[in-house]
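*Asks:* Before we start, here is the structure in question, set down as structure tokens.
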Amino acid sequence: MDTKELCSAIGNFGFPMVLSWYLLLRMEQRLDKLTNCLNELSKAILQNNRIEK
């Protein structure tokens, strides 16, 4: 999103709404990464448990 689009969005929708939208998009990407890491950790723990038995 370039500066003109950002200024236009702020003018049309208001600063709090644009800021909330931006933060939601960033948070969604981080939550996806966290979910992937947790899934990998779960798989590693299950494999470790199978090896020990």
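The values are calculated or read from the model by the stated rules, or taken from the named source; none is laboratory data. Values in this document were obtained by computation on a predicted structure and should not be read as measured data. Neighbour counts are summed over all protein chains in view; Cβ atoms, including those assigned to glycine, are modelled from backbone coordinates with ideal geometry. Note: accessible area is taken over every heavy atom of the protein model, side chains too, but ligands, DNA and RNA are not part of it. Shrake-Rupley method; radii C 1.70, N 1.55, O 1.52, S 1.80 Å.
*Asks:* How large is the charge dipole for the chain, taken about the Cα centre, if only the Cβ atoms of Lys, Arg (+1) and Asp, Glu (-1) carry charge, to the nearest 20 debye?
*Replies:* The calculated dipole for the chain is roughly 260 debye.
*Asks:* At 222 nm, what value in deg cm²/dmol follows for the chain if DSSP H runs of at least 4 each add -39500 (n - 2.57) and the sum is divided by all its residues, to the nearest 500?
*Replies:* -32500 deg cm²/dmol
*Asks:* Heavy atoms only, probe 1.4 Å: what % of the accessible area of the chain goes to carbon and sulfur, would you let me know?
*Replies:* 62
*Asks:* Here is a further query. With every protein chain kept in place and ligands, DNA and RNA left out, what is the accessible area per residue of the chain? Probe 1.4 Å, answer in Å².
*Replies:* Accessible surface, normalised per residue, equals 97 Å².
*Asks:* Quick one: grab Rg to one decimal and Dmax as a whole number for the chain, Cα atoms only, in Å.
*Replies:* Calculated on Cα positions, Rg and Dmax stand at 19.9, 62 Å.
*Asks:* Sticking with this structure for a sec: For the chain, build the charge dipole from Cβ charges (+1 Lys, Arg; -1 Asp, Glu) around the Cα centre, then report which of ASN49, VAL18, LEU34 sits farthest towards its positive end.
*Replies:* ASN49
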